[in-house]
1. Rounded to the nearest 5, what is the percent of antiparallel bridges among the DSSP beta bridges in region A:45-109?
2. Quick check: convex hull of the Cα atoms in the protein assembly as shown, volume per residue, rounded to a whole Å³?
3. Under 4.7 Å Cβ to Cβ, no partner at all: give me those cysteines from chain A, in residue order.
4. With loop defined by DSSP as not H, G, I, E or B, and exposure as at most 15 other Cβ atoms within 10 Å, which is the longest segment of chain B clear of exposed chymotrypsin sites (Phe, Trp or Tyr not before Pro)?
5. Run the reach check for A:Lys41 against lysines, Cα to Cα strictly under 20 Å, same-chain hits fewer than 8 apart removed. What comes back?
6. May I ask you to list the aspartates and glutamates whose Cα is less than 13 Å away from that of A:Lys22, ignoring any residue fewer than eight positions away on the same chain?
7. Express in whole angstrom the spacing between the alpha-carbon centres of region B:9-38 and region B:78-112.
8. At q = 0.32 Å⁻¹, what log₁₀ I(q)/I(0) does a Debye calculation on the Cα points of region B:1-46 give, no solvent, two decimals?
Amino acid sequence: DTEVTQTPKHLVMGMTNKKSLKCEQHMGHRAMYWYKQKAKKPPELMFVYSYEKLSINESVPSRFSPECPNSSLLNLHLHALQPEDSALYLCASSQAPDGDTQYFGPGTRLTVL
Amino acid sequence: GQQLNQSPQSMFIQEGEDVSMNCTSSSIFNTWLWYKQDPGEGPVLLIALYKAGELTSNGRLTAQFGITRKDSFLNISASIPSDVGIYFCAGMIYNQGGKLIFGQGTELSVKP
């Protein structure tokens, strides 16, 4: 089983809203990732959590706030987003953070009005 | 920084034809991954390669980890309409916290 689940599938929010994206895996993976992807472009890394600790932040604006409540869950809290933040947000996980295959979830399509 | 050059950018082929795409870099990678992505969905892992020279098959798909560690190719034999999508290569270098370097993608269209 290599399943990563993400909710919601679609999200529309205004620029003053606060919302959260959720990601879950039950493969015992100890590394989890958030990516942002624009249409027909490759995914861009945002954050890496390694053993439930934030290990990489790719200079992401503070309006995106990640959280890892436990080894199976990853959240991305959104606040005061801009229309240009509209994208497909992907979660991924891997057994370990270095050198292991990353498995992606189906993504959350975010639209910021 | 590390970059992957993926080619071709797009392909329009007839059903039944074979397809080949590749990724090259000036950097040495320890892991090569090939993903397929359908519109609005997440990338799905096709093949993972971990050793230089490794040749791995997954059904009609075959991928190789270049002997120089700087390139990889993916072949699809006897293409079918459901092969349509965007194919991404991704490379990883150890001790970089799990960062994947992605190619720009190859968009495949298959005409029945």
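1. In region A:45-109, approximately 100 percent of DSSP beta bridges are antiparallel ones.
2. Residue-normalised Cα hull volume stands at 118 Å³.
3. Within chain A, the cysteines lacking a partner Cβ under 4.7 Å are A:Cys68.
4. Answer from the scan: B:1-49.
5. The qualifying lysines are A:Lys9, B:Lys36, B:Lys99.
6. Leaving aside aspartates and glutamates fewer than 8 places away in the same chain, those within reach of A:Lys22 are A:Glu67.
7. Spelled out, the Cα-based centre of one part sits 6 Å from the other.
8. One equal scatterer on each Cα of region B:1-46 leads to -1.20.
Every number here is computed from the coordinates shown, using simple stated rules; none is lab data. The structure presented is a predicted model; accordingly, all values stated were derived computationally and were not measured. Every residue, glycine among them, receives a Cβ derived from its backbone with ideal geometry; neighbour counts consider all protein chains shown.
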